[in-house]
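The next block holds one structure in the form of structure tokens; read it before the comments.
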Amino acid sequence: MSIATLILGDSGGGKSTSLRNLDPQKTLLIQCIDKPLPFQSTHWKVRNKLNEDGSVIKEDNPLKIEYIMKHSSREVFIIDDYQHVLVNELMSRSSEKSYDKFTDIGKHTWLILNTAGKLAENRRIYILAHTQTDDFGNIRMKTVGKMVDQVIIPESFFTIVLRATVNNGNYLFSTQTNGMDCCKSPMGMFSDTLIENDLKYVDDTICAYYGINKTKRVNQ
């Protein structure tokens, strides 16, 4: 069973920057929107096919992302800016008059989130997405409206939900809820409520908590 983690935060909150210390030889990054990484990324090379060298694939089709998730053997798999998968599908089908597109978007989201927790044992999956505030003031993952929200609750698929936050100029991850957001992590996993926004530290902590022995696989 793979271990899936949801990383939430506003734009500019440090989600993508948190990748900076990960080993690109052991990581496969799906970029849902074409943009440069916010750190020196010489070793993060783009690949066009799954069997090519490189650590970055630019893709926003949920069915193709699910296929890549299942067929990649990299230890760490990241989907960055996942909400753009929802937005791009909605915009590409904007001329459709029925509500079927919202049901399909919800189904595709379910497919990705469900797959994230059912991959090979000890793989770690990180899904990065923006936040929204609901009608009750609660902070949760941004989707494309109430039609999708009624179909699926993204946070319920994860045991670990972290939120990127900025505190006195420091970029951090919140590991437990403040009562108004959906942050959560297993008891005793993190010693602090606020930790540095370093995904390598998060990944190392998860591996230590669950007793995962990291492999050296670098193909695919």
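Would you confirm, using the coordinates I've provided, whether Glu155 is closer than 15 Å to Ile30 by Cα and acidic (Asp, Glu)?
No, not satisfied.
Can you confirm whether region 79-91 contains a residue that is touching a residue at least 24 places away in the same chain (Cβ under 8 Å), aromatic (Phe, Trp, Tyr) and not in a loop (DSSP other than H, G, I, E, B)?
Among the residues of region 79-91, not one is touching a residue at least 24 places away in the same chain (Cβ under 8 Å), aromatic (Phe, Trp, Tyr) and not in a loop (DSSP other than H, G, I, E, B), which makes the answer no.
Quick check on Ile112: is it within 24 Å of Asp34 (Cβ to Cβ) and in contact with a Cys (Cβ under 7 Å, 6 or more places away or on another chain)?
No; evaluated as a whole, the condition is false for this residue.
If Met187 satisfies every condition in (1) closer than 19 Å to Ala4 by Cα; (2) modelled with pLDDT under 95 but one, which is the exception?
The number of the failed condition is (2).
Go through (1) crowded, with 21+ Cβ neighbours inside 10 Å; (2) without any contact (Cβ under 8 Å) to a residue 60 or more places away in the chain; (3) out of contact with any helix residue (DSSP H, G or I) (no Cβ under 9 Å at 6 or more places or on another chain) one by one and return the number of the condition Met69 breaks.
(3)
Which condition number does Tyr126 fail, the rest of (1) touching a Leu at 6+ places or on another chain (Cβ under 8 Å); (2) outside any strand (DSSP E or B); (3) crowded, with 21+ Cβ neighbours inside 10 Å being met?
(2)
Considering only strands (runs of 3 or more DSSP E) fully contained in region 133-220, which possess at least 2 residues that are open to solvent by 20 Å² or more (accessible area, probe 1.4 Å) and more than 27 Å from Ile68 (Cβ to Cβ)?
Of the strands (runs of 3 or more DSSP E) lying wholly inside region 133-220, those with at least 2 residues that are open to solvent by 20 Å² or more (accessible area, probe 1.4 Å) and more than 27 Å from Ile68 (Cβ to Cβ) span 160-167, 170-174, 194-196.
Consider only pairs whose beta carbons are under 6 Å apart and that are at least six residues apart or on different chains; among these, list those whose first residue lies in region 27-41 and is surrounded by 22 or more Cβ atoms within 10 Å (Cβ to Cβ) and part of a strand (DSSP E or B) and whose second residue is modelled with pLDDT of 90 or more and acidic (Asp, Glu).
Close Cβ pairs (under 6 Å, with a partner that is modelled with pLDDT of 90 or more and acidic (Asp, Glu)) amount to Ile30/Glu59.
Is it fair to say Tyr99 is in contact (Cβ under 8 Å) with a residue 24 or more places away in the chain and over 29 Å from Gly179 (Cα atoms)?
So Tyr99 passes the test.
Can you tell me which residue among Gly179, Gly145, Gly211 is on the phi > 0 side of the Ramachandran plot and touching a residue at least 12 places away in the same chain (Cβ under 8 Å)?
Of Gly179, Gly145, Gly211, the one residue that is on the phi > 0 side of the Ramachandran plot and touching a residue at least 12 places away in the same chain (Cβ under 8 Å) is Gly145.
The values are calculated or read from the model by the stated rules, or taken from the named source; none is laboratory data. Quick caveat, the model's predicted, so the values are computed rather than measured. Cβ coordinates were reconstructed from backbone atoms using ideal geometry, including for glycine residues, and neighbour counts include every protein chain displayed. Ligands, DNA and RNA are excluded from the accessible area calculation, which covers all protein heavy atoms including side chains. Shrake-Rupley method; radii C 1.70, N 1.55, O 1.52, S 1.80 Å.
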